[in-house]
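**Student:** Here's a structure for you.
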Protein chains: 4
Amino acid sequence: MTKLKWGMVGGGEGSQIGPAHRLGAQADGLFEFAAGALDHRAEAGRAYAQRLGIAADRAYGDWQEMLADEKGRADRVDLVTVATPNSTHFEITKAFLEAGFNVLCEKPMTLNVEEGEEIVRVAKASGKICAVNYCYSAYPMVRQARAMVRAGELGKIRLIVTNFSHGHHGDATDADNPRVRWRYDPAMAGVSGQFADCGIHAMHMASFISGNTVEKLSADFASTIASRQLEDDAMVNFRMSGGTVGRLWTSSVAIGRQHGFDIQVFGETGGLRWASEQPNQLIYTPVGGRTQIIEKGEGGLHEDAKRLSRVSIAHPEGFPLAVANIYCDLADAIRGTARDGLPTAEDGLRSMAAVYAAVASAKEDGAWQDARPPMFR
Amino acid sequence: MTKLKWGMVGGGEGSQIGPAHRLGAQADGLFEFAAGALDHRAEAGRAYAQRLGIAADRAYGDWQEMLADEKGRADRVDLVTVATPNSTHFEITKAFLEAGFNVLCEKPMTLNVEEGEEIVRVAKASGKICAVNYCYSAYPMVRQARAMVRAGELGKIRLIVTNFSHGHHGDATDADNPRVRWRYDPAMAGVSGQFADCGIHAMHMASFISGNTVEKLSADFASTIASRQLEDDAMVNFRMSGGTVGRLWTSSVAIGRQHGFDIQVFGETGGLRWASEQPNQLIYTPVGGRTQIIEKGEGGLHEDAKRLSRVSIAHPEGFPLAVANIYCDLADAIRGTARDGLPTAEDGLRSMAAVYAAVASAKEDGAWQDARPPMFR
Amino acid sequence: MTKLKWGMVGGGEGSQIGPAHRLGAQADGLFEFAAGALDHRAEAGRAYAQRLGIAADRAYGDWQEMLADEKGRADRVDLVTVATPNSTHFEITKAFLEAGFNVLCEKPMTLNVEEGEEIVRVAKASGKICAVNYCYSAYPMVRQARAMVRAGELGKIRLIVTNFSHGHHGDATDADNPRVRWRYDPAMAGVSGQFADCGIHAMHMASFISGNTVEKLSADFASTIASRQLEDDAMVNFRMSGGTVGRLWTSSVAIGRQHGFDIQVFGETGGLRWASEQPNQLIYTPVGGRTQIIEKGEGGLHEDAKRLSRVSIAHPEGFPLAVANIYCDLADAIRGTARDGLPTAEDGLRSMAAVYAAVASAKEDGAWQDARPPMFR
Amino acid sequence: MTKLKWGMVGGGEGSQIGPAHRLGAQADGLFEFAAGALDHRAEAGRAYAQRLGIAADRAYGDWQEMLADEKGRADRVDLVTVATPNSTHFEITKAFLEAGFNVLCEKPMTLNVEEGEEIVRVAKASGKICAVNYCYSAYPMVRQARAMVRAGELGKIRLIVTNFSHGHHGDATDADNPRVRWRYDPAMAGVSGQFADCGIHAMHMASFISGNTVEKLSADFASTIASRQLEDDAMVNFRMSGGTVGRLWTSSVAIGRQHGFDIQVFGETGGLRWASEQPNQLIYTPVGGRTQIIEKGEGGLHEDAKRLSRVSIAHPEGFPLAVANIYCDLADAIRGTARDGLPTAEDGLRSMAAVYAAVASAKEDGAWQDARPPMFR
């Protein structure tokens, strides 16, 4: 099977996200890194792309150049990953979709709801894939959770409780560090800090596993370090289609938590727990029964959990291979096997609608807000 | 040192709480079980008390008889534990206090705020001890947490996140079981279900460790099993004196959680985590440092953590000895050594004010409510 | 039910073990502390006993005096606990048994095999109970493990792996501290250090759960701190009746382990794991199935696990109540309900035979030794 | 930087190990998969290689053909991975080394000590790299452990306790399954079953972290399923250079353990614990201090731990990327940056010497054996 051709916008030298995408795309030998506009400094980007093995004529100075050239090539890239600063996601994603490319966009897909709706419309019109990198959803045991819920193994889902909290911005003496400060500055981060940065992963997961969408929410935001304009801690209560109650806590001042993303799903006939720091186990309790540990790689898992695991039971697989799983699903989708677990533009849009609803609610002392994008109301 | 004399109202044959108090009072040899009105069926109570070793003339048929007789005795009991059904706590506690007895009342101390304020006034006027059995606060490592916070080891407390969730009422096919059903029936349980039953332990703990009181709150209640009138799941956001942000989740439908009471305390210079299912460890992370495990019994603990532990490091001590620690503090207090960790009538009152504020908030879609008892506003 | 009368030899002021026994005997209100010879300093012992509430005429100066007086009393104690220094256990236990008292002896029951056999003979001849305080065996979930094995739920037991390791003697700069040093000095500790101190608990547990006895063993001893004459680390391989393979590691220089006593039992159709630092859970895996967490207090436990638990599921019970469970079984046994889980003089003897076999094996480079007491060969 | 050229012998369609090596070599974009003799069925191997993207003229029918052709090419592969059945490792590895290729050989490197010594000699004479795939040693936190020990942070290492136990061969009803049976059949597996299969990983790790070599050992083997000729459970006590005491348990009948590879290292001034099922944490306790959790990605780690981690703190990295780390070190070594953590032919030889010593010891009832290869005595 010949490799698919892959290009990236952003992810230049020194970025954290570039290596993650390169590993994700190449780990399973599915994609060849064929083109890139990796840096806003044109020459630096061209040179770095070539050092990474991209041919000189596809090592572009900017994304416009890349778009213009690639769309005319017979061997144009099959997929473009957009890993640029957040404020540029909309424009680049839209342009590549309109030119007929498949796109994987980093989160957040856009900065507001209107742009999100536009991407959904453009993606639909283009007939191309527009995926968003909610990569936690591609862990095998998250797929197992989703498959169990969809197979009715937990009955109707009553309640979802999810947290995404860390303490890495908890040091007030480090709050003016530019690497930290921009996240709480509306001029740079937009309307929300911690909720938009981490919370939306947790909210996406609630929908991803349950199959229900978020309909309304109430939020309580706090800036526990006084100099911050945006929230560094948030609690969001929500209600989902089907009546599921949701509770989501996210924080960046929870000193001692490293990357505390976990989710608990409680249904009529059982409960599940998954945590991103121990991603290879899923904890399951049938109502009236004992808690069981479901292991990645054990016999009898649902198909998606099997398919997205590479090594046998109790050999841990981690975050980079969750990203790689997104690329596995993309490769399949590009080749014509639709993968219903792949997060899409619609997911990106729903996140943005939730962010704006949460910000509005927090400003109004927790008044409940419609969290659905207007186009889905 | 001669034992103190102890009496109990309630806790008759077959109750769960009676044995816990008997063990708590007697484990350390501090109290002699001298008197009791153990059952609302007078003869059964008298007989059971005598089987437990109480002399016939102090094995009473009801609490009124016990009160009348004991107050006239030279060797009257030094402490009365009130372990009767919730609706009777107020009346009995008040009567014994007014007669000059020290009282340990089971939680909830009263059914409403007005009665709570009355107990606070009566206790103050009597000059006697009125304690409430928030026994989780007496675990050695909870005392260590409190002492660390009070010594400033975490700096100002920014955020407290606490959960008290279990799944034992999650089986809808068991919801009509009378043992379960009464908890969600306003006629029997009052204004609140799960929050009043478990949530107030968590809310007390937030105040107990931080030293701050709850000032206002916003609540989201859910009855995830449709037949229930009262909530089986609740989220409460709150603000404390000193500006601490609080978040409290409590549930009885969290299938797979057994007794998930835990608390995380995040300050300017560190974070703590304690969980009731592993009560002998306290997890501590200094800002910028590594997570450490503080063990009951290790060298250098704060005085209260040392004092309330009986066996050496890594020999677990559990729930019954946390109850016993309440009795240790009571014995000291009765003998004149005030123990500032002992939960008091004021704590019982504050819980009731929080319950009513939460119920009001939940009814008004989460509108924030003053959570302070009127007498402390 | 009137309380049984209980006396103790040893356990004077400042000892660790005295309070553990007092709590164990009194926690459930089964025993009244009626007599004691608590200290080798006669006056100190008498005074302390009286401060603990013992009548002056039963606050004895030494055990001979206690024996002489008690055996003539109509209200003689029903049980004598021997909690004196190891070298005196044999003499005192034997004397009380011969005078017709029930005895609970601290471990090790004797200092050598011959004395152990003598106690077994004397106990048998007396018709009285001679128990040895292998208290870990009285945890509810250990009883559950034993009951599961005996009910055949794991099939034939192939393999037992147990550890009892801590690091509290790992600091070489503290090695001359008298509190530590005596344990590795043959003049004071006898033929074995860490194996005799902790290892025999683990070896007893292997027999206790499996119902098999240790037949032969091979030992590797090490003194990792050079100044020590006796071992501070030992590995013992053994074979049990029924063909079970055993592996036991014990250490006092395992820095970072607090009280690492755990046991894994592997049979034809399942495996179990129990750990003393989390004693309220038993981890069970049926062959070909998922790992399950069995909780103290859950429905459907075996009778012994139910009987020896005081509070409901997920309320931890710890070490002091395991000791109390020994006293519960003793009270039943004294009243005529034989409790087959109660560790006996035979267990004490088998431990001593294992210690001597291990010492001999270690001296002969691991040559296998018969580990059975001569009287059971 | 142009990619290095990489070839593989073995790892054909359906093998588990082939994909692991392909991912390991390609994940970081360091190697291009340029040549292969992937299957003992020549045509199947050629076809599969081409489906994986190898050019037709480098898709070989057998390793001899590959060797003959590659050694004459200007663009010959920079590295050959040998992932064939165990009995062929020696011959293939030797041939490629002698022809001047760098080799990564799967474990066990050879079937006996004599062959192992031959590989060491050939590798030395060739001046080429001969690495062996002890991939667990390449986890970042294992490298951190090694660096801490080497920096003296634990003082002299007194004791190492390591386990590699699972229960996947514990079902006697499955024992005749050919996939399981060959491992316990001397005709197919050689002189040792579980110890040679898993135990040598643990023994290598003891040397890898401590820097000490195994000098002598005593083994106890058991075949707990009667039909097995080779051991399915083994305990090995050993002594290392520098006086370190070692204890190693390995089992394949430990039902409920999945992949229980862990190691504890105890020195004069601290202890460490690492477990392969939670590979991103290292548990550290300084003598007299509290247990700390060292996280992959935290500030201040040793260089090797930093270098071999791809994503930030608390994003787990798992087994496939540990294999990739071996390839990272190989790429560096090929380019001239020697990596002292890379496991070499000497490690492969020492493992074989330990296997033969353990087999001999087990046959002689645990008599201690010299475990050093003759050439290093």
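**Student:** Taking N as the number of residues in chain A, what is its Cα Rg relative to 2.2 N^0.38 Å?
**Tutor:** 0.98
**Student:** Let me ask something else. Add +1 for every Lys or Arg and -1 for every Asp or Glu among the other residues with Cβ under 11 Å from the Cβ of B:Asp232, and state the total.
**Tutor:** 0
**Student:** I've got another one for you. Could you give me D for the stretch C:4-135, from Stokes-Einstein at 4 °C and 1.567 mPa s, where the hydrodynamic radius is the Kirkwood radius over C-alpha pairs? Units µm² s⁻¹, please.
**Tutor:** It diffuses with D of about 90 µm²/s by this estimate.
**Student:** How high is the relative contact order of the stretch D:4-136, given as a whole-number percent (alpha carbon pairs under 8 Å, six or more residues apart)?
**Tutor:** Normalised by residue count, the contact order of the stretch D:4-136 is 22 percent.
**Student:** With the cut-off at 1.5 for a/c, could you classify the stretch B:256-377 from its C-alpha gyration tensor as rounded, prolate or oblate?
**Tutor:** Oblate shape, in that a/c is at least 1.5 and b/c is the bigger or equal ratio.
**Student:** Hey, can you grab everything whose amide H is under 5 Å from the amide H of C:Thr344? Only 5+ residues off in sequence or another chain; H modelled, so Pro and N-termini drop out.
**Tutor:** Distant-sequence amide H within range of C:Thr344: C:Val132.
**Student:** On to the next question. Check the axis relating chain C to chain A and name the residue of C whose C-beta is nearest, distance in whole Å.
**Tutor:** C:Gln292, 3
**Student:** Cross-link candidates for B:Lys363: which lysines have Cα within less than 21 Å, leaving aside residues fewer than 8 places away along the same chain?
**Tutor:** Within reach: A:Lys216, A:Lys363, B:Lys216.
**Student:** Using each residue's phi in the stretch A:354-366, evaluate 6.51 cos²θ - 1.76 cosθ + 1.60 at θ = phi - 60° and report the 3J(HN,Hα) Karplus result to the nearest Hz, with x for Gly and Pro.
**Tutor:** Running phi through 6.51 cos²θ - 1.76 cosθ + 1.60 with θ = phi - 60° gives 5, 4, 5, 5, 5, 4, 5, 5, 4, 5, 9, 6, x Hz.
**Student:** Please rank D:Met188, B:Met235, A:Met352, fewest neighbouring Cβ atoms within 10 Å first, as an exposure proxy.
**Tutor:** D:Met188, A:Met352, B:Met235
**Student:** Let me ask something else about it. Which value at 222 nm does chain C reach when only helices count, each DSSP H run of 4 or more adding -39,500 (n - 2.57), with the total divided by all residues and rounded to the nearest 500 deg cm²/dmol?
**Tutor:** -9500 deg cm²/dmol
**Student:** Most fluctuating residue of D:Pro85, D:Pro19, D:Pro178 in a GNM of chain D with Cα springs under 10 Å: which is it?
**Tutor:** Judging by the Gaussian network model, the answer is D:Pro178.
**Student:** Return, ordered by residue number, the residues of the stretch C:148-163 whose backbone nitrogen is under 18 Å from a label point located 7 Å along Cα→Cβ of D:Ser227.
**Tutor:** The answer is C:156, C:158, whose backbone nitrogens lie closer than 18 Å to the label point.
**Student:** I'd like the Karplus ³J(HN,Hα) series for the stretch C:123-136: coefficients 6.51, -1.76, 1.60, θ = phi - 60°, whole numbers in Hz, and an x wherever there's a Gly or Pro.
**Tutor:** 4, 5, 4, 6, x, 9, 7, 10, 9, 10, 7, 7, 6, 4
**Student:** To one decimal in nm, how far is B:Pro85 from the same spot in the other copies, if labels go 7 Å from Cα toward Cβ? Please give the shortest first.
**Tutor:** When each copy's label point is compared with this one, the spacings are 6.1, 6.8, 7.8 nm.
**Student:** Taking each residue in D:262-275, count the Cβ atoms of any other chain within 10 Å of its Cβ, then average. What number comes out?
**Tutor:** 4
**Student:** Over chain A, what is the relative contact order in whole percent, taking alpha-carbon pairs under 8 Å and six or more residues apart?
**Tutor:** Once divided by the residue count of chain A, the mean separation gives 19 percent.
**Student:** Sticking with this one: Taking every residue in A:344-352, how many Cβ atoms of other protein chains lie within 10 Å of its Cβ, on average?
**Tutor:** The per-residue average across the peptide is 0.
**Student:** Tabulate in residue order the Karplus-calculated ³J(HN,Hα) for the stretch C:326-342, using 6.51 cos²θ - 1.76 cosθ + 1.60 with θ = phi - 60°, rounded to whole Hz; enter x for Gly and Pro.
**Tutor:** 3J(HN,Hα) across the stretch C:326-342, in whole Hz: 4, 5, 4, 5, 5, 4, 4, 5, 4, 7, x, 9, 4, 10, 6, x, 5.
**Student:** Shifting gears a bit: Hey, rough spin-label estimate for B:Ser312 and B:Asp62, points 7 angstrom out along Cα→Cβ, what's it come to in nanometres?
**Tutor:** The answer from the label model is 5.4 nm.
**Student:** To continue, here is another question. Which of the residue pairs B:Lys3/C:Lys3; B:Lys71/B:Lys94; D:Lys156/D:Lys306; B:Lys3/B:Lys296; B:Lys5/B:Lys128; A:Lys5/A:Lys128 have a Cα-Cα distance greater than 19 Å in the structure shown?
**Tutor:** Correct reply: D:Lys156/D:Lys306; B:Lys3/B:Lys296.
**Student:** Same structure, new question: Output the antiparallel fraction of DSSP beta bridges having both residues in the protein assembly as shown, as a percent to the nearest 5.
**Tutor:** Within the protein assembly as shown, antiparallel bridges account for around 60 percent of the total.
**Student:** How many nanometers, to one decimal and shortest first, lie between the label point of D:Gly127 and those of its other copies, if labels sit 7 Å from Cα toward Cβ?
**Tutor:** Between copies, matching label points for D:Gly127 lie 6.1, 9.3, 9.9 nm apart.
**Student:** Sort D:45-52, A:335-342, A:133-140 by the packing proxy (mean of other Cβ within 10 Å over each peptide's residues), most packed first.
**Tutor:** A:133-140, D:45-52, A:335-342
**Student:** Along Cα-to-Cβ, 7 Å out, sits the label point; list in nm, shortest first, how far the one on A:Ala68 is from those in the other copies.
**Tutor:** When each copy's label point is compared with this one, the spacings are 5.5, 10.3, 11.4 nm.
**Student:** What percent of all Cα-Cα pairs in the protein assembly as shown falls in each 10 Å bin, counting up from 0?
**Tutor:** Percent of pairs per bin, in order: 1, 8, 14, 19, 19, 17, 12, 6, 3, 1, 0, 0.
**Student:** Counting pairs of alpha carbon atoms under 8 Å apart in space and at least six apart in sequence, what relative contact order in percent does the stretch D:324-376 give?
**Tutor:** 26 percent
**Student:** Looking at the square roots a ≥ b ≥ c of the eigenvalues of the Cα gyration tensor of the stretch C:117-193, which shape do they give, rounded for a/c under 1.5, prolate if a/b is larger than b/c, or oblate?
**Tutor:** Oblate is the answer for the stretch C:117-193, as a/c is 1.5 or above yet b/c matches or exceeds a/b.
**Student:** Check A:Glu231: other-chain or 5+ apart residues with amide H under 5 Å from its amide H, H built from backbone geometry?
**Tutor:** Distant-sequence amide H within range of A:Glu231: A:Gly193, A:Gln194.
Read the figures in this text as sums done on the coordinates, not as results from a lab. Please read these numbers as outputs of a predicted model, since none were measured by experiment. Cβ atoms come from the backbone with ideal geometry, glycine included; neighbour counts cover every protein chain shown.
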